[in-house]
1. Give the range 180-198 a look and list any residue that's under 19 Å from Arg240 (Cβ atoms) and in contact (Cβ under 8 Å) with a residue 60 or more places away in the chain, or say none.
2. Considering (1) more than 60 Å from the chain's Cα centre (by Cα); (2) more than 22 Å from Lys61 (Cα to Cα); (3) at pLDDT below 80, say which one Met214 fails and leave the rest.
3. Select from the range 496-516 the residues that are of a type in the set (D, E, K, R) and surrounded by 14 or more Cβ atoms within 10 Å (Cβ to Cβ) and list them in ascending order.
4. What residue, of Gly246, Gly150, is part of a loop (DSSP other than H, G, I, E, B) and over 60 Å from the mean Cα position of the chain (by Cα)?
5. So Gly186 fits all but one of (1) of a type in the set (Gly, Ala, Ser); (2) surrounded by fewer than 18 Cβ atoms within 10 Å (Cβ to Cβ); (3) at pLDDT 80 or above; what number is the exception?
6. Does Ala610 satisfy the condition of being modelled with pLDDT of 80 or more and of a type outside the set (D, E, K, R)?
Amino acid sequence: MAHTQHRWTTYLKQLRHKNRSVFLTWMLSYISVLLVPILISGIIYGAALHVVKTEMNRANKSILLQMEQAIDSQFKGIESLSLEVGLNKRISDFLLADAELTDADHYQIYQIANDLRVYEIANDFIESIYIYYKNSDTVIARNERMNGEGLYDVIRFDENMMYETFSEYFDQRYVSEYRPVVIAEGREWSPSVMYAQSVALTILEQPGAIILIMIDHNKLLEHAPVPEDSTVLILDENNRVIATTGSTQDTPVVRYEEMPAESGQVESDVLHRPMVASYTTSAITGWKYVMTTPAKVYHQKMNVVKQLTFASILLSLIVGGFVTYLLLKRNYTPIHTLIESLSFKASVSFDRGSNEFSFLEQALNSTFLEKEELLHKLNQHNNTLRSHFLQRLLKGQLESQIPLHESFSAHDVRFTQNGFSVMLLRIEHFGKFDQEEEDRVRNRSLLQFLIANVVEEVARESANAYAIELDQELLACIVNHQLADPADQRAELERIAEATKRFISQHTHVQLTVAVSAQQEAEYGISQAFQEALEAMEYRIVAGSGGIIHYNDLVGEDGQGAVPGYFYPLKAEQQLIAFVREGQKDKAETFIGELIHKNVMTEPFSFHNAKCLMFDLMATLQKVIAEIHTTNKPEVPDGVRAIERLTQCQTVGEMREQLYELLERICDYVNANRDYNSNPLIDKVMKYVHDHYRDENLNISMIGEAFSMTPSYVSKLFKEHTGESLLDFINKTRLVEAKLLLTEEKYTISEVALMVGYNDVNTFHRIFKKFEGITPGRYREIK
């Protein structure tokens, strides 16, 4: 208890000056909760402003659209009227009149004036109509006729416009547009709107005419529903005010280029007076219909919403603050009482500035941590003791004074069935766990822990299992199962081993070799099962690593185990020597493979016998190396180093690979040295032997006489260049043909001997066995 109180005191000192109190935390929490309605009010305020603004924009847009539709409708009527005027026969016929008018022309002018009077009456928007004929420089109106200069005195695009500029406008080939103009009224100029439309020509080279329709600009906005304090104006692409409900002298609030969209709203500041402009665009003229409203008037409704929102926020703060105080006082009192009681009983003072929850949490966590540490230490000791006990159980080294069931209970080992088997799992390759030296021990311990858990989990599907680490590369698993048919039990153990190997290989790339014992009865059979598993694991040198080895596969039908010794008679050794000495690698490999297969596969074969067989075969190759070594020749293969590599092999498969590697080097050496330092005389001697080997008198003396040399010189020269004696070459040449004849089985052995140059069958037997290792009759049987 004193130790616990000391730990609590330590925690309190650590928390006293760095954590807020529960009162302050709760107060902040309630304030945070209080902020929610304030935040909601802000959101509502924003939404309300958006709704009000949207409604106002929609109302302004509706007014502008009504105005646009009304004016555009009148413009369409004016355009239709201009088309009708242009198609008038009297008006189009006057295009042919010259500058000097005739009486008929004057009468035609009178008729055209009457027609124009009718057209003006047809549309209230039209103030007057002029037709300017370029050919005759004649301008016809309803009450008068004038020339171009007279038209210049009546209509201009602006007051200060020069006549030349005015005249250039009418020199255009084709005109069709609306534009603002000024009309003379006494000595003053008043604004108006003109629609100019060229008259269609039947002869392209003929000067045309232009219809000028003056539109009463006061009637454009006459019926526009303009709100109070707002102004409506029409603006063209050149920022010219076509019409306005305000003063024509006022500067436009916005410019045409500031309104790029078809419709919308912009804000501007004119002479430090904020304004809001809503606009839409005419589909006919491209003019902007603009409604301007002072920002103060425009935002009046939004200001009301803002004031109401601020009032609700202030009310929320007052009411929420009072409620927060009451809740804090009610909820903090029990916590404060609990802290004071715990501090008094623990003899630890509590600073009101520290965090009460942290004080409680740390005190409880300290107690739980001490309990967990104690349980962890107990579990560690229990696991170590149980592992040691199971190792002694496997080795049969338990104390006889203590009953087994008491030992099992003390170490939390439960064997519920009467059958037992032992599986050994050897790590052949560490896969992902094969790390650097400093991490290797830790990684291998982790790998063993993983394998132990996997094999236990897989085995528990049908039995109870306990895995034990024996060394860094070997684990044992005691499988407690029901006594069953050996074949059924073997299949179940095979499933456990295969599932464990597959899981470990897929997830860690680790290769395992598993040895499985036979099933034993009762707990005292565990040590026997362990010895059987060890013997099966030793057999991996024969079966190879990475597999599953069952002890029952090692014993013979009588259950007495492998037959001692191995099959490698002297005749077999002589035949292997003959194959290698002749450089026949394929035949030598086939012969060795058949010999190993006969020993390993036909009956249970111990790993000791396997090692002896491999070293015996290596010794045979060493004899061949010693026999073929001659002077003045390249170095022969190193047999001593090959034996060193053989001793490092772990399986029969690895030994066989080393054996085949040395065999290949020896045969390559033999075949390469047949042509070493080739001599034309030697080639002739060899050809002579091949041509005369059937002659029973063929010998060294006969060859010397054929080449005019002494027999001793020919024999010495042949030996130096081929590495073998001339007599051996003669016998080998004869034996090559003899072996072919023996396989045909058409001739007796005596007849074969005579056919290859031996007149004595006994001599043929002796030489054949010397070089081939077996008699001719035996050779015929095996072939």
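1. Pro180, Ser192, Tyr195, listed by residue number.
2. With respect to (1) more than 60 Å from the chain's Cα centre (by Cα); (2) more than 22 Å from Lys61 (Cα to Cα); (3) at pLDDT below 80, Met214 is out only on (3).
3. Result: Lys501, single match.
4. Only one candidate passes the filter, namely Gly246.
5. Looking at each condition in turn, Gly186 falls short on (3).
6. no
Every residue, every condition in (1) open to solvent by 30 Å² or more (accessible area, probe 1.4 Å); (2) not hydrophobic (A, V, I, L, M, F, W, C), yes or no:
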{"residue": "Tyr130", "(1), (2)": "no, yes"}
{"residue": "Val139", "(1), (2)": "no, no"}
{"residue": "Asn143", "(1), (2)": "yes, yes"}
{"residue": "Asp171", "(1), (2)": "yes, yes"}
{"residue": "Val199", "(1), (2)": "no, no"}
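Let's see how each residue does on (1) of a type in the set (Ser, Thr, Tyr); (2) closer than 26 Å to Val670 by Cβ; (3) at pLDDT below 90:
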| position | (1), (2), (3) |
| --- | --- |
| Ser715 | yes, yes, yes |
| Glu720 | no, yes, yes |
| Glu724 | no, yes, yes |
| Asp728 | no, yes, yes |
| Leu742 | no, yes, yes |
| Lys746 | no, no, yes |
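The values are calculated or read from the model by the stated rules, or taken from the named source; none is laboratory data. Values in this document were obtained by computation on a predicted structure and should not be read as measured data. Here the Cβ is made from the backbone with ideal geometry for all residues, glycine too, and neighbour counts use every protein chain on show. When the accessible area is computed, the model is the full protein with side chains, heavy atoms only, and any ligands, DNA or RNA have been set aside. Shrake-Rupley method; radii C 1.70, N 1.55, O 1.52, S 1.80 Å.
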